[in-house]
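See below for the structure under consideration.
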Amino acid sequence: MKNWFLIYTKPKCEDTVESKLGGAGFTVLNPKVKERKYSRGKIVECVSPLFPSYVFAKFEKFTDYHLIRYTRGVKWVLRSEEGPAEIPDNVVNAIIERIENGFVTIRRPFTQGQNVIIKGGPFEGFTAVFEKEMSGMERVCLLLKAINVRLVIDRSMISHC
């Protein structure tokens, strides 16, 4: 019987392992997340693995283990005392359910009146009150307490307190 297992890969080899195992006929889950980061004064959109250096694969524990273990880019398969540790289907299904357009959605919503911290730009480090999400372009409206002004900034530039 095939079960899900967690494979630890060499750094930045998640895609290589996914293509090699997928090409060999295994079901592989390499969840990605698309995020906007504030880097070097700019907001950039990047794609990164949800779990760096890990991929999920569905295989037969006793017949396929050695093939998986010795695939290029694999360091090891997560183990327990009884051998390779099976990952419950509901854990993997919960990740699959959150995939939209090829990416996992992990954004925690902000609620009106919630305190947030501005983490980039000219108001970096200031505390503000979340007012509302703006349509398009992932912008939000905040009330900046320190100078009693309303700001509209990019969502990636704020975080929960």
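Structure notes:
- Among the conditions (1) part of a strand (DSSP E or B); (2) out of contact with any Lys or Arg (no Cβ under 8 Å at 6 or more places or on another chain), Ile147 misses just one, which is (1).
- Some residue of the range 38-46 being within 18 Å of the chain's Cα centre (by Cα) and under 14 Å from Phe59 (Cβ atoms): no
- Test: residue in the range 124-137 that is under 19 Å from Ser39 (Cα atoms), under 22 Å from the mean Cα position of the chain (by Cα), charged (D, E, K, R) and outside the structural domain of Gly41 (by TED's automatic domain parsing): no
- The single condition among (1) touching a residue at least 40 places away in the same chain (Cβ under 8 Å); (2) closer than 24 Å to Pro31 by Cβ that Ile158 does not meet is (2).
- In the range 124-131, the condition of being assigned to a strand (DSSP E or B), touching a residue at least 40 places away in the same chain (Cβ under 8 Å), among the polar types (S, T, N, Q) and farther than 26 Å from Pro49 by Cβ is met by no residue.
- Looking across the range 59-110 at every residue that is over 14 Å from Tyr8 (Cα atoms), of a type in the set (Lys, Arg) and in contact with a strand residue (DSSP E or B) (Cβ under 8 Å, 6 or more places away or on another chain), the one that is surrounded by the most Cβ atoms within 10 Å (Cβ to Cβ) is identified as Lys61.
- Residue match in the range 17-34 (condition: of a type in the set (Lys, Arg) and touching a Cys at 6+ places or on another chain (Cβ under 8 Å)): yes
- Any hit, the range 42-62, residues being at positive phi, of a type outside the set (S, T, N, Q) and modelled with pLDDT of 95 or more: no
- Under the condition of being within 21 Å of Lys34 (Cα to Cα) and touching a helix residue (DSSP H, G or I) at 6+ places or on another chain (Cβ under 8 Å), the residues counted in the range 83-106 number 1.
- Residue tally, condition surrounded by 14 or more Cβ atoms within 10 Å (Cβ to Cβ) and either within 26 Å of the chain's Cα centre (by Cα) or closer than 20 Å to Glu45 by Cβ (or both), over the range 143-161: 6
- Helices (runs of 4 or more DSSP H) wholly inside the range 1-105 that include at least 3 residues being closer than 30 Å to Lys119 by Cβ: 89-97
- Filtering the range 30-61 to residues that are touching a residue at least 40 places away in the same chain (Cβ under 8 Å) and small (Gly, Ala, Ser) leaves Ser53, Ala57.
- Condition broken by Lys10, with the remaining ones in (1) at pLDDT 95 or above; (2) surrounded by 17 or more Cβ atoms within 10 Å (Cβ to Cβ) satisfied: (2)
The values are calculated or read from the model by the stated rules, or taken from the named source; none is laboratory data. The structure displayed is predicted, hence computed values, not measured ones. No Cβ is skipped: glycine too gets one built from the backbone with ideal geometry, and neighbour counts run over all protein chains shown.
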